[in-house]
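Worksheet for the structure shown next.
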Amino acid sequence: MAKQKASLPVIRRRVGGVGLLRWAVRVASSILLWTALLQLSTFFGLPRLPLRAVRPSCLGNRNGSATASAVVSNEVAGLAPPAPPTRRLYRSNGYLLISCNGGLNQMRAAICDMVTVARYLNLTMVVPELDKQSFWADPSDFGDIFDVNHFIYSLRDEVKVIRELPHKFSGKVPLSMQPVSWSSEKYYLRQILPLVRKHKVIRFSRTDSRLANNGLPLRLQKLRCRVNYNALRFTPSIEALGNKMISSLRKTGSFVVLHLRYEMDMLAFSGCTHGCSDQETAELTRMRYAYPWWKEKEIDSEKKRLEGLCPLTPGETTLVLKALGFPRDTRIYIASGEIYGGEKRLAALKTEFPNIVRKEMLLSDDELRLFKKHSNQMAALDYLVSVASDVFIPSNDGNMAKVVEGHRRFMGFHRTIQLDRKKLVELIDLFEDQELSWDEFCTAVKELHEGRMSQPTRRKVIAGQPKEEDYFYANPYECLGPATKRREKLKHTET
């Protein structure tokens with residue numbers, strides 16, 4: 001009897017162990033079943049499958065990619081870098097090739113849009129082709145500017161990106177087309193997906209502004225951010241030079257970046273010739289007519305300026321900086337190409353703010369030599385410095401101004417001053433005509449920009465007028481977490 005009682009705990013332990021084993025088997029079977037169902041659903045090419053929420057590295061880390069930060073932390077700690085994301089398995093509906101057009105930042109935004117389209121339609125994306133035929137004639141390939149391996153591996157849990165088409169398509173001429181500008185995801189689902197399924201390979205010959213700013217599902221908006229702020233990382237050589245420039249600027253404290261968009265191509269394209277001589281105006285006009293893809297030829301420069309559609313001249317910018325209260329010893333980095341008119345056009349700016357810095361002053365000739373004929377790589381250096389600056393001031397609202405502003409919002413960095421050019425030129429003209437005193441001019445300029453310091457706000461939506469509404473990449477509001485919005489609001493309130 002005592003022996004039977006002694007064996008009861010052993011029996012109970014065995015029965016309990018069997019029950020635990022059965023429970024573990026059921027849990028494992030359920031996990032395997034759900035995983036198989038998810039993979040099968042994507043395998044059959046259903047484009048409406050919900051995207052995984054953007055990774056915490058996109059929303060939770062305001063100082064850059066969490067993956068990149070983890071790599072640095074692990075290297076310091078002597079640990080192995082984190083594993084790449086798990087590859088997403090799906091049945092591809094076809095291959096997407098894209099030929100980007102425009103400058104660096106226009107192409108950057110387009111790549112983000114096209115990755116989002118590829119993911120939504122379950123396509124396989126080929127590494128993008130960059131514009132080599134525009135005014136700048138930059139021969140750089142994607143891999144000369146962006147880290148290709150990082151781009152491919154960081155997106156592998158969303159979309160498959162390959163370096164080139166499979167050999168079986170080498171002789172096939174892809175269907176080439178231009179998607180309709182500012183289209184919703186429904187356009188791509190209804191109009192583009194059937195074409196891809198029919199032709200298997202499709203090329204988008206133009207990619208600028210081909211996805212709507214607003215009205216897209218939240219998961220697609222967050223994927224656009226993930227591509228922009230995590231996947232599109234510059235090459236190690238560009239990152240290294242950019243970091244060197246930032247470190248040099250930081251040695252003397254804070255610094256301001258002035259994106260002075262006053263290069264020859266901008267003035268010729270826009271027709272903005274205020275302050276130019278008759279000879280310069282004629283030269284810019286000839287250039288505008290020489291490029292057939294610049295559609296607008298006859299332009300009233302003064303009318304355009306009064307409408308706020310021209311970049312501020314270096315002289316006008318000098319007056320605005322002084323009126324805003326920037327001290328004379330402010331360290332100002334000029335992010336731009338070659339200023340039209342050369343040093344004489346910068347004379348007033350340098351007189352009032354002698355602590356002017358250009359990239360040529362921060363890097364040696366040997367370091368810059370490889371970049372000289374590659375305008376997009378030079379623009380990448382300016383981009384890095386602009387994002388890291390204490391204050392960013394663009395004299396025009398072009399693609400770089402907008403994309404950098406959005407990046408700074410996302411990162412939780414410092415101010416971007418959005419100059420109200422339409423009202424500024426009115427004030428400048430009144431001051432120069434002596435209808436405003438200097439004190440009155442300064443007060444008016446400061447009051448005008450009190451609410452234009454990139455405070456947290458929602459994008460302005462104008463139905464049917466996407467060009468007039470706020471650009472997604474200038475204010476990716478959906479990708480800013482509540483904590484960041486509160487922190488930015490508090491920062492602006494305190495200052």
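Details
- Sorting Tyr95, Tyr153, Tyr229 on solvent-accessible area from highest to lowest, probe radius 1.4 Å, gives Tyr153, Tyr95, Tyr229.
- Straight-distance crosslink candidates among aspartates and glutamates, where the alpha carbon sits under 13 Å from Lys467 and sequence neighbours closer than 8 are dropped: Asp208, Asp397
- Distance in nm between pseudo-label sites at Lys244 and Ile462 (7 Å out along the Cβ direction from Cα): 4.5 nm
- Length gained on full extension, Gln434 to Arg369, computed as 0.36 nm times the residue gap minus the Cα-Cα distance: 18.7 nm.
- Charge dipole of segment 248-392 about the Cα centre (unit charges at C-beta), most positive-ward option of Ile332, Trp294, Leu249: Leu249
- Taking the 1.4 Å solvent-accessible surface of segment 205-271 as the whole, the part contributed by carbon and sulfur is 54%.
- Summing +1 for each Lys or Arg and -1 for each Asp or Glu among the other residues whose beta-carbon sits under 15 angstrom from that of Asn355 gives +4.
- Between amide H atoms placed 1.01 Å from N, distances below 5 Å from Phe146 occur with Thr235, all of them 5 or more places distant or on a separate chain.
- Taking θ as phi - 60° and the Karplus parameters 6.51, -1.76 and 1.60, the scalar couplings of segment 459-476 work out to 5, 6, 10, 10, 4, x, 10, x, 5, 8, 8, 5, 6, 4, 6, 7, 8, x Hz in sequence order, x denoting glycine and proline.
- Count Lys and Arg as plus one, Asp and Glu as minus one, and take only other residues whose Cβ is under 10 Å from that of Val159; the net charge is then +2.
- Net charge of neighbours whose Cβ lies under 11 Å from the Cβ of Phe472, counting Lys and Arg as +1 and Asp and Glu as -1: -1
- Pairwise centroid distance, computed over Cα atoms, of segment 167-204 with segment 380-418, Å: 34 Å
- Segment 338-450 - accessible surface per residue (Å², probe 1.4 Å): 46 Å²
- Element breakdown for segment 84-195 at a 1.4 angstrom probe: carbon and sulfur atoms account for 50% of the accessible area.
- Solvent-accessible area of segment 316-436 (1.4 angstrom probe, protein heavy atoms only): carbon and sulfur portion equals 50 percent.
- Rounded FRET efficiency, nearest 0.05, which uses the C-beta distance separating Arg91 from His167 and R0 of 25 Å: 0.80
- Reported to the nearest whole Å, the Cα centre-to-centre distance from segment 313-332 to segment 89-143 is 38.
- Number of Lys pairs (Cα under 21 Å; 8 or more positions apart or on different chains) in segment 123-268: 12
The values are calculated or read from the model by the stated rules, or taken from the named source; none is laboratory data. Note that this is a predicted model, so its numbers are computed, not measured. Because the Cβ atoms are built from the backbone with ideal geometry, glycine has one as well, and the counts that use them run over all protein chains shown. Only protein heavy atoms, including side chains, enter the accessible area calculation; ligands, DNA and RNA are left aside. Shrake-Rupley method; radii C 1.70, N 1.55, O 1.52, S 1.80 Å.
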